[in-house]
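See below for the structure under consideration.
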Amino acid sequence: MPLAFTPLMKKRLTRRASEMIERSLRYFPELHGKTITVGLTRKHLGSASISYRAGAISRLVIRLRVRKVSYQTIGHELTHLVQGLAHGDRSTPRSVARSRIPSGEKQCDIWTLARHPLVCDDPPTYLRLPRIVRDQWPHYATPVRTLCVAAIEKRQSHRLYIRWLESEIRQLPRSLPDKKSGEQMELPFDPILSI
């Protein structure tokens with residue numbers, strides 16, 4: 001998958017960030033074969049945009065803050081690109097397929113977390129989480145991811161699936177035993193990297 005880095009990003013890009021972007025892209029088959037421009041942002045964790053020329057998609061761009069970048073942020077921005085691609089070119093009618101990722105920040109968080117455990121290294125930004133879940137994220141990452149997968153399924157028949165999800169997440173601290181914060185989260189074993 002071709003990546004193009006902006007001149008400013010080329011100056012700031014670390015090997016760690018480059019490897020994280022490449023590793024994350026493996027879990028976004030919708031983006032395979034597309035050129036993604038990666039730029040730098042200083043104001044927020046990240047952003048994504050799609051440029052159009054004459055109604056057709058001409059450029060996919062994500063911007064990341066290189067310092068302390070997480071798989072969750074990279075995955076979130078890549079999910080925004082997938083959201084945009086689902087709408088297609090502006091010259092054709094918008095798809096209303098239930099299988100596509102709906103627009104919105106919370107929806108983006110849900111589909112990002114559900115995609116793969118790799119992108120669960122940091123709490124989501126837009127989903128409403130109790131403070132203890134955010135503070136002790138490594139302990140709650142897997143149950144929250146499981147709930148996100150369930151919420152996507154629930155969306156087929158339950159219009160208020162986000163409200164349901166946030167309600168279920170609020171119940172997690174009562175159902176899981178308390179664990180000390182500050183614990184390092186282990187990333188899943190990736191057989192692709194061990195080859």
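I'd like to know if the range 116-131 contains one or more residues that are in contact with a Cys (Cβ under 8 Å, 6 or more places away or on another chain), under 12 Å from GLN72 (Cβ atoms) and of a type in the set (A, V, I, L, M). No - not one qualifying residue is present in the range 116-131. Filtering TRP111, TRP137 for residues that are farther than 25 Å from GLU30 by Cα and in the same structural domain as ARG170 (by TED's automatic domain parsing) leaves a single hit, TRP137. Residues in the range 25-55 that are among the aliphatic types (A, V, I, L, M), in a loop (DSSP other than H, G, I, E, B) and closer than 25 Å to THR125 by Cα: LEU45 only.
Considered as a group, the residues in the range 39-51 that are of a type in the set (S, T, N, Q) and over 20 Å from GLY104 (Cβ atoms) include one that is modelled with the highest pLDDT, and that residue is THR41. Taken over the range 1-26, the criterion of being under 17 Å from the mean Cα position of the chain (by Cα) and surrounded by 17 or more Cβ atoms within 10 Å (Cβ to Cβ) is satisfied by ALA17, MET20, ILE21, SER24, LEU25. Of the residues making up the range 1-38, those that are at pLDDT below 95 and acidic (Asp, Glu) number 1. Restricted to the range 52-77, and to residues there that are within 15 Å of ALA4 (Cβ to Cβ) and out of contact with any Leu (no Cβ under 8 Å at 6 or more places or on another chain), the residue that is modelled with the highest pLDDT is VAL61.
The values are calculated or read from the model by the stated rules, or taken from the named source; none is laboratory data. Here the structure is a predicted model, which is why all the values come from computation and not from measurement. A quick note on method: Cβ atoms are made from the backbone with ideal geometry, for glycine too, and the neighbour counts reach across all protein chains shown.
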